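Below is one structure, written out as structure tokens; comments come after it.
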């Protein structure tokens with residue numbers, strides 16, 4: 001069941017009845033450039049195939065299949081047919097996964113998913129697609145709660161692992177992981193190659209080379225992605241755009257807005273109206 005979307009075809013919602021989850025619905029031909037998330041991404045395209053690239057490998061996600069992207073993994077995606085696309089994504093926090101796992105009686109309190117896997121599960125695909133559409137269209141709280149509980153419990157019970165199936169920062173090179181940890185700890189401060197050189201005892205050239213090899217991005221491009229995720233989190237928590245920009249390390253609100261539009265397909269102001277405004281509506 002699809003719903004009519006805003007003219008630009010890109011919408012976000014954070015349902016207040018289920019803490020720790022945000023949804024994206026995109027019916028435009030917008031191509032999402034290389035980016036990352038600090039949460040698991042469960043996504044599908046109900047209108048056509050979706051071309052996506054992870055770690056230099058390009059694949060097609062067919063309609064009827066579900067893709068799972070682990071936190072911290074750089075990826076990009078674009079529709080195979082912009083005119084029929086309906087990209088549906090769930091961004092799910094670890095905290096919500098733990099709540100679902102406990103409710104389902106799983107022994108592990110923190111289920112994880114095998115990184116970068118694709119699921120061919122028609123029944124689950126239909127349930128997640130229906131849930132996604134109804135969150136954008138329905139105001140029947142009990143219906144939404146029941147569907148969300150059933151679909152997400154099935155996801156965790158059938159495909160959740162009892163151990164962390166991904167490593168922090170999604171990097172196997174400890175030097176790159178060290179740099180990423182440093183970036184996360186200094187998002188609002190200037191970061192220089194000189195500081196990174198001292199951190200891992202490598203030349204500028206080698207830092208850039210190993211970083212691109214591990215992540216697919218330069219250190220600067222990766223830092224921008226971390227800052228964008230942090231800014232999005234602050235906005236979702238009710239922070240003003242100007243304060244979120246400074247706290248995330250952007251020079252000003254305009255700088256954040258330019259980068260945000262390129263990454264998320266909408267402006268920070270529209271994101272707040274869609275996602276944060278939706279939560280306030282359901283909270284009243």
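Values as computed for the structure displayed
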{"quantity": "Residue that is assigned by TED's automatic domain parsing to the domain that holds residue 46, in a helix (DSSP H, G or I) and in contact with a strand residue (DSSP E or B) (Cβ under 9 Å, 6 or more places away or on another chain), where the choices are 128, 228, 134, 147", "calculated": "128"}
{"quantity": "Residues that are more than 15 Å from residue 223 (Cβ to Cβ) and outside any loop (DSSP other than H, G, I, E, B), drawn from the stretch 171-193", "calculated": "174, 175"}
{"quantity": "Qualifying residue in the stretch 244-253 (condition: part of a helix (DSSP H, G or I) and surrounded by fewer than 14 Cβ atoms within 10 Å (Cβ to Cβ))", "calculated": "no"}
{"quantity": "Residue in the stretch 196-218 that is surrounded by 13 or more Cβ atoms within 10 Å (Cβ to Cβ), touching a residue at least 40 places away in the same chain (Cβ under 8 Å) and not in a helix (DSSP H, G or I) present", "calculated": "yes"}
{"quantity": "All positions within the stretch 95-123 that are assigned to a loop (DSSP other than H, G, I, E, B) and at pLDDT 85 or above", "calculated": "120, 121"}
{"quantity": "Search result, residues across the stretch 21-58 that are out of contact with any strand residue (DSSP E or B) (no Cβ under 6 Å at 6 or more places or on another chain), in a strand (DSSP E or B) and more than 27 Å from residue 236 (Cα to Cα)", "calculated": "57, 58"}
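The values are calculated or read from the model by the stated rules, or taken from the named source; none is laboratory data. Predicted model only: the values in this text are computed from it and were never measured. Methodologically, a virtual Cβ is constructed for each residue, glycine included, from the backbone with ideal geometry; neighbour enumeration extends over all protein chains shown.
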